[in-house]
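Right, one structure below, let's go through it.
The values are calculated or read from the model by the stated rules, or taken from the named source; none is laboratory data. Small disclaimer: the values here were computed from a predicted structure and weren't measured. Cβ: placed from backbone, ideal geometry, glycine included. Neighbour counts: every protein chain shown.
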Amino acid sequence: MSATRAGSRDPKPPVIAVVGPTGSGKSDLGVAVALALDGEVINADAMQFYRGMDIGTAKISAAERRGVPHHLLDTMDVTQEASVSDFQAECRLAIGEIHARGKRAILVGGSGLYVRAALDVLEFPGTDPGVRQRLEQEHESDGLPSLQERLERVDPVSAGRLGDARRIIRALEVFELTGRPFSSFMPKREYFQPAVQIGLDVDREILRDRLAMRVHGMVDAGLLAEVTRLDAAGLRQGKTASRALGYAQFLKVLDGESDTATAAEETIVATRQFARRQLTWFRADPRIHWIDWQDPDLVAKALEICGSPASVI
């Protein structure tokens, strides 16, 4: 789908999404595209919603934003639970407001489901705190295999896709509330409004090394102190934030169950695994236009995909 050229005041120009695995340079490319197209960035990284989770999420700094407005950063306390359906509503509101100002909306992030929620026609089934609590109690008393077996019986597609307790509980909750398998709510690849997606294509071995260096850099920058501060603010009570890469591992250091070196290595392993899952998710979407992350003409090629001539940044 072609995008509107820079300077156009089309009331619904295509949303531009910059996607790819963690550590691939999405934030920098998003800023560069926004500067070239008079745009504003919307964050689609679920862990960057949280105030104070800066070092461990590699959150883009105020200086790195280069004056480009960023939306949906630092919007939640660590005790709050992130919701894809809430994000969808907030993101689409932000897109509308950006377009109403005559600007371009640039969605940037690697949380695949959040990106799809923003871009695609996607229905979210409701929730029931009582059902959710009962399923969580069953998980604590009977263990995850019991819930996995139940999900296999009612929704084998989701059972084959989901491996963590939170998502399995959600899938069982949806089935109880609607009588429909959770997998039936997954969207078709149909844009909610015009969009263009740019993916950063990485060299996996180079990315592996980069991720290790980045985690060690986070440790040097004070990740343990950040986790300590957030622990005092209720990090452990946050169902989403407490599971974030690095934070879960370094909470063990605070508990005396691990040391800094071990926590760093465990974070590196978990981050590499997460990057592989991100690549698998985004590679499955044939609408994404891929560019080599190390291409010297990366910004120019991204702008060409957006339908705009390259500009000097």
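Quick test for you: out of GLU40, GLU97, GLU90, GLU81, pick the one residue that is surrounded by fewer than 23 Cβ atoms within 10 Å (Cβ to Cβ), acidic (Asp, Glu) and within 18 Å of ALA302 (Cα to Cα).
Within the list GLU40, GLU97, GLU90, GLU81, the selection yields GLU40.
Which residues, counting only those in the stretch 114-147, are assigned to a loop (DSSP other than H, G, I, E, B) and in contact (Cβ under 8 Å) with a residue 12 or more places away in the chain?
Listed by number, the residues that qualify are VAL121, LEU122, GLU123, PHE124, PRO125, GLY126, THR127, ASP128.
Here is a check on your reading of the model: is ARG272 outside the structural domain of SER111 (by TED's automatic domain parsing), among the charged types (D, E, K, R) and at pLDDT 95 or above?
Here the answer is yes, as ARG272 does meet what is asked.
Name the residues in the stretch 11-35 that are farther than 20 Å from GLN294 by Cβ and surrounded by fewer than 22 Cβ atoms within 10 Å (Cβ to Cβ), would you?
PRO11, LYS12, PRO14, LEU35
Any residue at all in the stretch 93-113 that is closer than 27 Å to THR271 by Cα, under 22 Å from the mean Cα position of the chain (by Cα) and assigned to a helix (DSSP H, G or I)?
Taking every residue of the stretch 93-113 in turn, at least one turns out to be closer than 27 Å to THR271 by Cα, under 22 Å from the mean Cα position of the chain (by Cα) and assigned to a helix (DSSP H, G or I).
Name the residue that is farthest from the chain's Cα centre (by Cα), counting only residues in the stretch 76-90 that are under 19 Å from MET186 (Cα atoms) and assigned to a helix (DSSP H, G or I).
Taking the candidates together, the pick is ALA89.
Quick test for you: out of LEU135, LEU245, LEU147, pick the one residue that is surrounded by 18 or more Cβ atoms within 10 Å (Cβ to Cβ), under 30 Å from PRO286 (Cβ atoms) and out of contact with any strand residue (DSSP E or B) (no Cβ under 8 Å at 6 or more places or on another chain).
Going through LEU135, LEU245, LEU147 in turn, just one is surrounded by 18 or more Cβ atoms within 10 Å (Cβ to Cβ), under 30 Å from PRO286 (Cβ atoms) and out of contact with any strand residue (DSSP E or B) (no Cβ under 8 Å at 6 or more places or on another chain): LEU245.
Run down ARG65, ARG51 and say which single residue is under 17 Å from the mean Cα position of the chain (by Cα), modelled with pLDDT of 95 or more and of a type in the set (Lys, Arg).
After ruling out the rest, the residue left standing is ARG51.
Given the conditions (1) within 18 Å of the chain's Cα centre (by Cα); (2) surrounded by 14 or more Cβ atoms within 10 Å (Cβ to Cβ), which single one is not true for ASP164?
Only one criterion in (1) within 18 Å of the chain's Cα centre (by Cα); (2) surrounded by 14 or more Cβ atoms within 10 Å (Cβ to Cβ) is unmet by ASP164, namely (2).
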